[in-house]
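Report on the structure given below.
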Ligand code: J2J
């Protein structure tokens, strides 16, 4: 059994193989290689726990055997939601070993997001933690079973009952031989999450071949080696800390991943000093907090050599402070879960590193920068980014209508970013055409939130736009036309929370207006809303 997804055309796949980008090995080879090369080296640090490569592999194998004995295998999918704990990687590798493709939901995701993912992949397995509000009791699991009738296995962290305890499954050796049946390397290994600009969150099928290439090439670009100690402080499942080069890149290089619960500076500083962390990956607001906290707390960051920053635009003034004040090199990373990742290189000039978001990983990443008519613009002129290549997907999972808009006839994915190519060949992100708010690296699809606001009986029109914010870069503001006066921001917030949307998607502000400004073609005039935000309105909370 395999999962259906949009494949690369034969000719492209052949070329990627000939060039050595696709090596036709499952992602599990990352772990297998290290188990053979350095079984006792520490791979993972989580709180007081240290796991060697051998120990990681043993636990992942136990879990794989446990699940295989229950009939899970290639063609099956899993909904996984874990915080930043060692178990995240153990589960990831265990599922890869038996060919089960997971979606790794963010810990901040709630009922709406998880239900949507379950709807789309129809999981047979749920892995979660009792510590999450949705899994404190079994009510939501019941709802997931209604959505996905084939859901037969549940494994939870913090669960007392052995048959549903994730820890028990990881610790208990298999009764029989451990099965090893990853999906073929050109099949779906797992699903990555799209930042999204549509009503429902989309899923991105990633194959072993394409993802493994991005990981290996990223590890080379960032010069990872067995001495690398990587602080994973962003959500472990996000594409950036997972693969750019992220934890998988570090495992590939035989280094060590140190887990942090969040990018909160003081806890991270303590981990850096204690474990000799050499590299960290952050979003811009977190860097701002680190820059502020480091001198005040006399942080010992001597071991830190490289700070990667990505996920949202990083102001040049802040970028310049990183080497001076944190004592490490800066690398800007402009990536997307759909594929294409750009890095400033470690030997780029200071000016490039401070003002650009880098260039693609692969010589075969094709980047087009297009004007409104779809013609390529010259260097130095802003245009919309479209890309295809050896690790850029060819279509969202089971979303033909959206794919028709997002992917052109040549297979180029339109990311919705407005970029400029410099004469040196670097990209600079200067804007966006997608209807999305980038709240400090967390992406909010305007359409999704507008649809939820419109579900309130007193709301007739809703428009969500980005507003500038000194720390977050952007925050969100909802403009609303009401059927009748009386509803306030608190009531609408409550409405959204009750619908079960992740908290980071809640509008930071609400503004009530009499009529919704429309464009000539009858769409909400978002630019008009953004402009009007600059003028204070009495009804704004
Ligand atoms: C401006 N905008 C950026 C940057 C991403 C590495 C790093 C980041 C992501 C990521 C990722 C940006 N400057 N440096 O997957 O592997 C915005 C763009 C982009 C969108 C993708 C990785 N880096 N962005 O952020 O899928 O708008 O991936 O299209 O979450 O984030 O978001 P996401």
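The values are calculated or read from the model by the stated rules, or taken from the named source; none is laboratory data. Because the structure is predicted, anything quoted here is derived from the model rather than measured. Because the Cβ atoms are built from the backbone with ideal geometry, glycine has one as well, and the counts that use them run over all protein chains shown.
Within segment 349-376, the set of residues being more than 16 Å from the ligand (Cβ to nearest atom), under 25 Å from residue 318 (Cβ atoms) and outside any loop (DSSP other than H, G, I, E, B) comprises 350, 351. Checked against the criterion of being surrounded by fewer than 16 Cβ atoms within 10 Å (Cβ to Cβ) and closer than 30 Å to residue 7 by Cβ, the candidates 363, 323 yield just one match: 363.
The criterion of at least 3 residues that are modelled with pLDDT under 95 and near the ligand (Cβ under 10 Å from one of its atoms) is met by none of the helices (runs of 4 or more DSSP H) wholly inside segment 187-256. Please list, ordered by residue number, the strands (runs of 3 or more DSSP E) wholly in segment 408-474 having 1 or more residues that are more than 27 Å from residue 341 (Cβ to Cβ). Strands (runs of 3 or more DSSP E) meeting the threshold: 459-469. Across segment 368-376, a minimum of one residue is classified as outside the structural domain of residue 120 (by TED's automatic domain parsing) and under 25 Å from the mean Cα position of the chain (by Cα).
Among residues of segment 330-342 that are within 7 Å of the ligand (Cβ to nearest atom), those with a beta-carbon under 8 Å from a residue that is in a loop (DSSP other than H, G, I, E, B) and modelled with pLDDT under 95 at least six positions away or on a different chain give the pairs 336/195; 337/195. Take the conditions (1) assigned to a helix (DSSP H, G or I); (2) more than 30 Å from residue 505 (Cα to Cα); (3) touching a strand residue (DSSP E or B) at 6+ places or on another chain (Cβ under 9 Å); residue 183 misses just one of them, which is (1). Determine whether residue 425 is in contact with a helix residue (DSSP H, G or I) (Cβ under 9 Å, 6 or more places away or on another chain) and closer than 26 Å to residue 16 by Cα. Spelling it out, it is not the case that residue 425 is in contact with a helix residue (DSSP H, G or I) (Cβ under 9 Å, 6 or more places away or on another chain) and closer than 26 Å to residue 16 by Cα. Of the residues making up segment 477-505, those that are surrounded by 16 or more Cβ atoms within 10 Å (Cβ to Cβ) and part of a loop (DSSP other than H, G, I, E, B) number 4. Within segment 258-265, can one find any residue that is surrounded by fewer than 23 Cβ atoms within 10 Å (Cβ to Cβ), outside the structural domain of residue 474 (by TED's automatic domain parsing), over 27 Å from residue 194 (Cβ atoms) and in contact (Cβ under 8 Å) with a residue 40 or more places away in the chain? Checked segment 258-265: no residue is surrounded by fewer than 23 Cβ atoms within 10 Å (Cβ to Cβ), outside the structural domain of residue 474 (by TED's automatic domain parsing), over 27 Å from residue 194 (Cβ atoms) and in contact (Cβ under 8 Å) with a residue 40 or more places away in the chain. Please tell me if residue 417 is under 18 Å from residue 435 (Cα atoms) and within 16 Å of the ligand (Cβ to nearest atom). So residue 417 fits the description; yes. Of all the residues in segment 267-285, those that are assigned to a helix (DSSP H, G or I) and either more than 16 Å from the ligand (Cβ to nearest atom) or free of Cβ contacts under 8 Å to residues at least 60 places away in the same chain (or both) number 9.
Residue check: is residue 486 away from the ligand (no atom under 16 Å from the Cβ) and either in the same structural domain as residue 318 (by TED's automatic domain parsing) or at positive phi (or both)? For residue 486, the condition - away from the ligand (no atom under 16 Å from the Cβ) and either in the same structural domain as residue 318 (by TED's automatic domain parsing) or at positive phi (or both) - is met. Among all positions in segment 109-125, there is no residue which is touching a residue at least 60 places away in the same chain (Cβ under 8 Å), over 22 Å from residue 238 (Cβ atoms) and surrounded by 14 or more Cβ atoms within 10 Å (Cβ to Cβ). Can you say whether residue 411 is closer than 18 Å to residue 384 by Cβ, surrounded by fewer than 21 Cβ atoms within 10 Å (Cβ to Cβ) and touching a strand residue (DSSP E or B) at 6+ places or on another chain (Cβ under 8 Å), as far as the supplied structure shows? Yes: the conditions hold for residue 411.
The condition of being touching a residue at least 60 places away in the same chain (Cβ under 8 Å) and either within 16 Å of the ligand (Cβ to nearest atom) or part of a loop (DSSP other than H, G, I, E, B) (or both) holds for only one of 317, 288, that being 288. Given the criteria part of a helix (DSSP H, G or I), touching a helix residue (DSSP H, G or I) at 6+ places or on another chain (Cβ under 9 Å) and either away from the ligand (no atom under 12 Å from the Cβ) or farther than 30 Å from residue 353 by Cα (or both), does residue 401 qualify? Answer is no for this residue. Evaluating residue 129 against the criteria (1) under 21 Å from residue 56 (Cα atoms); (2) buried (at least 23 other Cβ atoms within 10 Å of the Cβ); (3) touching a strand residue (DSSP E or B) at 6+ places or on another chain (Cβ under 7 Å) leaves one unmet condition, (2).
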